[in-house]
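The values are calculated or read from the model by the stated rules, or taken from the named source; none is laboratory data. For clarity, every value in this text was computed on a predicted model and none was experimentally measured. Cβ placement follows ideal geometry from the backbone for every residue including glycine, while neighbour counts extend to all protein chains displayed. Just the protein is used for accessible areas: all its heavy atoms, side chains included, with ligands, DNA and RNA removed. Shrake-Rupley method; radii C 1.70, N 1.55, O 1.52, S 1.80 Å.
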Amino acid sequence: KWLMSPEFAQQAAAVNGGSVAARVLCLDITRGLEQVHFHGVVHCDVKAANVFLTRPTEGGDSGGLRRAVLADFDLSLDQARRASFAVSVSASSAGGRGTPGPFSMAPEVARGEVPTKAADLFGLGGILVRALFSSSAE
């Protein structure tokens, strides 16, 4: 049922960046991240490569559209782990949790600061820009 997307932006562009299908995929990711944050977790690596897509289905509740799911929580931090991470970062002055890149890592995380929900939103913004406006974001 699931298809791992090596590059979500290419998959979204393949369904036409401005189309309803592309917007549904982006909404899926946004809602998923909202749930992650609701439960007090910071993903720490929101990027296109960490989005899974369903295979297109015929009929059913998705109406044949692909659906998107945010995955790869290896680097995620809950509130307790964020607090201990903050102590270790301040003690070592090293940081940079996540994948460096202009569309995925927030500047404050690249500077070694503790990842927050805002850093996840930065990565989400990169996904949305690349998925909806892929030709102009390259």
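Only one of (1) modelled with pLDDT of 90 or more; (2) over 19 Å from Arg111 (Cα atoms); (3) touching a strand residue (DSSP E or B) at 6+ places or on another chain (Cβ under 7 Å) fails for Leu53. Which number is that?
(1)
So the check is Cβ under 8 Å with 6+ separation or different chains; which pairs have a first residue in segment 101-112 that's under 15 Å from Leu128 (Cβ atoms) and a second one that's open to solvent by less than 40 Å² (accessible area, probe 1.4 Å) and at pLDDT below 80?
So the pair list comes out as Phe103/Ala137; Ser104/Gly98.
Tally the residues that are touching a helix residue (DSSP H, G or I) at 6+ places or on another chain (Cβ under 7 Å) and either at pLDDT 65 or above or open to solvent by 60 Å² or more (accessible area, probe 1.4 Å) (or both), restricting the search to segment 72-108.
7
What pairs come up if the first residue lies in segment 39-56 and is under 18 Å from Val114 (Cα atoms), the second is open to solvent by less than 10 Å² (accessible area, probe 1.4 Å) and part of a loop (DSSP other than H, G, I, E, B), and their beta carbons are under 8 Å apart, counting only those six or more places apart or on different chains?
Val42/Pro115; Cys44/Pro115
For segment 4-37, how many residues meet the condition of being open to solvent by 50 Å² or more (accessible area, probe 1.4 Å) and modelled with pLDDT under 75?
Qualifying residue count for the region: 7.
I'm trying to understand the selection: among the residues of segment 110-121, which are closer than 21 Å to Phe52 by Cβ and open to solvent by 60 Å² or more (accessible area, probe 1.4 Å)?
The one that is closer than 21 Å to Phe52 by Cβ and open to solvent by 60 Å² or more (accessible area, probe 1.4 Å): Leu121.
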